[in-house]
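Data block below; observations after.
Any read-out appearing in this document is the output of simple, stated calculations on the displayed coordinates, not a laboratory observation. These numbers come from a predicted model, not from an experiment. Here the Cβ is made from the backbone with ideal geometry for all residues, glycine too, and neighbour counts use every protein chain on show.
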Amino acid sequence: MIKAANRPRVVFDCNVLLQAAASDNGPSAKALRLLEEGRIDVYLSRAVLKELRNVMQYPSVRAKLPSLNDKLIEQFINRLLFRGVLVHKVPHVFDLPRAKQDEPYIDLASAAKADYLVSRDNDLLFLATDHSLTQSSSVDASTPFTSSTQWHSSPL
């Protein structure tokens, strides 16, 4: 196990968390298992959890993911809260007019001093490209990190 001081600090966006909840075998679930193995620290906020709960209740999401029921949702969120780090004070630091719904993830990544913001969201990935941040297609928690922030796109 990696010592806490050396574990990567990670923020997952709602879609990555939703995919992890919906499928134990997908790349998002594989990334979340790094948390359960003690290889990363995952940071959460009330805004992120609220959006996740809301999205998981959308009729379109429930229709597409019939295995996603209330019990599974609560178990998944409790699992996140048990292993993750809930950041209580997340100041707003970044305006993203083209995708206001993504601002809480950027704010959380800043407040948590995250090494990674893991997303498949085109608006968040646009920022990585727009600001010449590193885009990578995989997460390897055994490799030391060389930059302060890295953005990840699928597949993990």
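Numbers for the structure displayed
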{"read-out": "Aspartates and glutamates with Cα under 13 Å of Lys100, excluding same-chain neighbours fewer than 8 positions away", "value": "Glu51, Asp121, Asp123"}
{"read-out": "Potential lengthening between Leu86 and Glu74 on full extension [0.36 nm per residue; Cα-Cα distance subtracted]", "value": "2.7 nm"}
{"read-out": "Peptides 65-78, 106-119 ordered by average Cβ neighbours within 10 Å, highest first", "value": "106-119, 65-78"}
{"read-out": "Added length on full extension, which subtracts the Cα-Cα distance from 0.36 nm per residue, Phe94 to Asp24", "value": "21.9 nm"}
{"read-out": "Cut-off 19 Å, label 7 Å out along Cα→Cβ of Asp123, residues of segment 39-64 by amide N", "value": "45-58, 61"}
{"read-out": "Part-to-part distance (alpha-carbon centres) for segment 5-49 and segment 73-92, which is given in Å", "value": "10 Å"}
{"read-out": "Sequence-distant lysines (8 or more away, or on other chains) whose Cα lies within less than 19 Å of Lys30", "value": "none"}
{"read-out": "Burial order of peptide ranges 36-48, 8-20 (average beta-carbon count within 10 Å, highest first)", "value": "8-20, 36-48"}
{"read-out": "Asn6 paired with Tyr58, simple spin-label distance in nm, labels 7 Å along Cα-to-beta-carbon", "value": "4.0 nm"}
